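Undergrad: Got a structure for you, questions after.
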Amino acid sequence: FTMAASAGVTVAAAPAARRSVAQRSAARASAGLGSRKAVGGVSLAGLAAPGAVLNRRSAPAAGASRARRSNVFAAADAAEKVKPDRSGADAKDAGAGQRVMIIGGDGYCGWATALHLSNRGYEVAIVDNMCRRTFDDQLGFNSLTPIKGIHERVRKWEEVSGNKIQLYVGDICDYEFLSAAFQAFEPTAAVHYGEQRSAPYSMMDRTRAVFTQTNNVMGTINVMYAIKEFAPECHLVKLGTMGEYGTPNIDIEEGYITIEHNGRSDTLPYPKQGGSFYHLSKCHDSANMLFCTKAWGLRTTDLNQGVVYGVATEETMMAPELINRLDYDAVFGTALNRFCIQAAVGHPMTVYGKGGQTRGFLDIRDTVRCIQIACDNPAPPGEMKIYNQFTEQFSVNELAAMVTEAGKKIGLDPQVINVPNPRTELEEHYYNAKNSKLGDLGLEPHLMSDALLDSLLNIIVQYKDSVDQRLLLPAVNWKESASVGQNVAAN
């Protein structure tokens with residue numbers, strides 16, 4: 001997902017002058033990330049006993065609760081609207097004529113997206129600097145699944161599929177590099193995953209807070225300048241987050257809200273209440289995008305994505321060398337990943353606080369299809385489309401109950417404990433987010449209950465011997481973030 005320190009560049013088919021610019025740019029090495037911080041781990045001995053946990057519900061009751069909590073595209077809306085015909089979306093030439101630059105294409109969502117589009121006839125280029133891998137090296141983490149290096153990945157993909165993915169290795173915060181990549185590839189769409197995407201990482205210390213905001217906001221501004229100067233018809237598809245909205249006590253609209261005040265009415269961007277320096281960087285991105293869209297007549301789509309889960313897509317399972325990453329540590333891993341891995345290794349699932357925190361979720365297979373839909377439906381010049389990209393919403397307690405239910409089906413005995421919440425957030429709150437627009441464009445979602453066993457739990461069980469259980473407990477406390485950081489690597 002992330003783009004930070006420059007690390008060399010591969011520019012395919014670039015004219016000599018452009019290639020030399022890129023090579024000069026790649027020769028620079030940016031400063032290190034500075035001091036690193038560790039917030040003390042939590043001992044199981046001091047946590048609530050398994051009895052102080054979720055009340056296990058019967059399968060019918062749990063299913064009924066999930067049905068109430070789910071916000072999958074409403075049947076009533078579907079009955080009133082005729083969805084576009086997407087029957088040809090999986091054809092080998094579905095994307096013929098489109099050139100899509102995947103910024104952050106070595107990351108979890110980026111890699112799956114690159115392969116998905118390449119397999120459907122889109123010309124694809126990956127722009128990345130492997131910074132996400134650097135974070136793992138610094139912090140002592142690793143993907144549970146054994147991922148290969150990016151060069152080996154793209155070579156294997158060409159061998160398996162016959163499709164070539166162009167690779168540009170460098171930092172989008174280095175404008176010389178980015179401009180050379182844009183001029184060489186000439187994208188019709190730029191899918192921007194390339195940011196530091198972890199809320200806990202952004203809250204570890206001042207250095208990482210500043211890095212997150214600088215890297216994310218500056219990188220996005222550079223991308224918009226590159227589009228303006230070198231590819232003015234290029235459609236920017238930017239990955240935001242549902243976390244930008246926070247947890248307001250009113251319904252969350254899809255990007256915009258119509259306000260009536262003192263007898264006047266206007267449609268405005270929905271208020272943002274980011275809950276970390278990471279989420280706030282996304283808020284800044286959205287504001288900057290809207291400004292540049294209007295000022296320069298750009299074509300932009302802002303995708304406020306929920307929490308993504310799963311490992312397997314059709315393409316990432318075509319060869320072992322193509323497998324996607326799976327993070328489970330307390331900094332980059334999500335609650336669902338962590339719960340599934342804890343269940344697989346016999347570690348109690350750790351629910352933060354009361355467990356009422358509710359968020360939107362979607363399967364990685366739906367993420368890649370959402371991106372394809374966005375690419376196929378570009379915004380007109382001067383307009384920023386905003387979609388809430390999730391298919392269901394669940395509380396943390398409901399996630400734990402679902403993992404418990406799914407784990408039992410494959411012979412596991414998942415347990416749950418409540419641990420002190422390291423985050424500053426509401427643990428019980430109203431949450432009702434709208435998400436109809438992608439459904440109206442033809443998205444047919446995979447539901448979590450159908451996907452858990454095949455897409456996550458079974459794969460995790462295969463690699464459970466590689467789990468470092470020291471990384472499963474909370475490691476970053478929002479209130480303890482300080483100006484001087486230390487290592488968080490497990491010792």
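Undergrad: Mind checking which lysines have their Cα closer than 16 Å to the Cα of K92? Skip sequence neighbours fewer than 8 apart in that chain.
TA: The reachable lysines, counting only those whose Cα sits under 16 Å from K92, are K164.
Undergrad: Something else about it: Quick one: accessible area per residue over segment 161-260, 1.4 Å probe, rounded to a whole number of Å²?
TA: Using a 1.4 Å probe on heavy atoms only, each residue of segment 161-260 averages 29 Å².
Undergrad: Shifting gears a bit: Among L322, V351, F332, pick out the residue whose Cα is farthest towards the positive end of the charge dipole of segment 311-355, where Lys and Arg carry +1 and Asp and Glu carry -1 on C-beta, about the Cα centre.
TA: Selected residue: V351.
Undergrad: Taking a cut-off of 29 Å between Cα atoms, list the lysines near K408, but don't count ones fewer than 8 places away on the same chain.
TA: Qualifying lysines at Cα under 29 Å: K354, K464.
Undergrad: What is the percent carbon and sulfur in the accessible area of segment 289-404, measuring with a 1.4 Å probe over the protein chains and ignoring ligands?
TA: Values: 1410 of 2550 Å².
Taking all protein chains in place, segment 289-404 shows 55 percent carbon and sulfur surface.
Undergrad: Continuing with this model, one more query. Tell me, what HN-Hα J-couplings in whole Hz come from the Karplus equation 6.51 cos²θ - 1.76 cosθ + 1.60 at θ = phi - 60° for each residue of segment 301-318, using x for Gly and Pro?
TA: 10, 9, 9, 7, 8, x, 6, 8, 9, x, 10, 8, 10, 3, 7, 5, 9, 6
Undergrad: Could you state how much accessible area E314 has, in square angstrom rounded to the nearest 10, with a 1.4 Å probe and all protein chains kept in place?
TA: Rounded to the nearest 10, that gives 110 Å².
Undergrad: For D90, project a label point 7 Å along Cα to C-beta. Then give me every residue of segment 280-317 with its amide nitrogen under 12 Å of that point.
TA: 314-315
Undergrad: Okay, next question. Specify the inter-centroid distance of segment 420-448 and segment 90-131, based on alpha-carbon positions, in whole Å.
TA: 25 Å
Undergrad: Can you give me the Rg/Rh ratio for segment 378-483, using Cα atoms for both radii and the Kirkwood formula for Rh?
TA: Rg/Rh for segment 378-483 comes to 1.05.
Undergrad: What chymotrypsin sites (Phe, Trp or Tyr not before Pro) does segment 368-436 have in DSSP loop regions with at most 14 other beta carbons within 10 Å?
TA: For chymotrypsin sites (Phe, Trp or Tyr not before Pro) across segment 368-436 that sit outside H, G, I, E and B with at most 14 neighbouring Cβ atoms in 10 Å, the list reads Y430.
Undergrad: While we're here: Over segment 133-219, with every protein chain in place, what whole percent of the accessible area is carbon and sulfur at 1.4 Å, could you tell me?
TA: 48 percent
Undergrad: Still on this structure: Could you pull out every residue, at least 5 positions away or on a different chain, whose amide H is within less than 5 Å of the one on Y256? Hs are placed 1.01 Å off N in the peptide plane, and Pro or chain starts have none.
TA: Y270
Undergrad: Which ³J(HN,Hα) values in Hz, rounded to whole numbers, follow from the phi angles of segment 282-293 under the Karplus curve 6.51 cos²θ - 1.76 cosθ + 1.60, where θ = phi - 60° and Gly and Pro get x?
TA: Along segment 282-293, the couplings run 5, 4, 4, 4, 4, 5, 5, 5, 4, 4, 5, 4 Hz.
Undergrad: Another one. Return the carbon/sulfur percentage of the accessible area of segment 227-281, one whole number, probe 1.4 Å, all protein chains in place.
TA: Heavy-atom surface of segment 227-281 belonging to carbon and sulfur, 1.4 Å probe: 51 percent.
Undergrad: Same structure again: By a straight-distance test (C-alpha under 23 Å), which lysines pair with K434 as possible cross-link partners, with residues fewer than eight away in the same chain excluded?
TA: Partners found: K81, K83, K238, K272, K282, K385.
Undergrad: Let me ask something else. Skip the ligands, DNA and RNA, and give the accessible area per residue of segment 271-383 with a 1.4 Å probe, whole Å².
TA: 27 Å²
The values are calculated or read from the model by the stated rules, or taken from the named source; none is laboratory data. The structure displayed is predicted, hence computed values, not measured ones. Reconstructed Cβ throughout: ideal geometry from the backbone, glycine too, with neighbour counts over all protein chains shown. Calculation scope for accessible area: heavy atoms of the full protein, side chains included, ligands and nucleic acids excluded. Shrake-Rupley method; radii C 1.70, N 1.55, O 1.52, S 1.80 Å.
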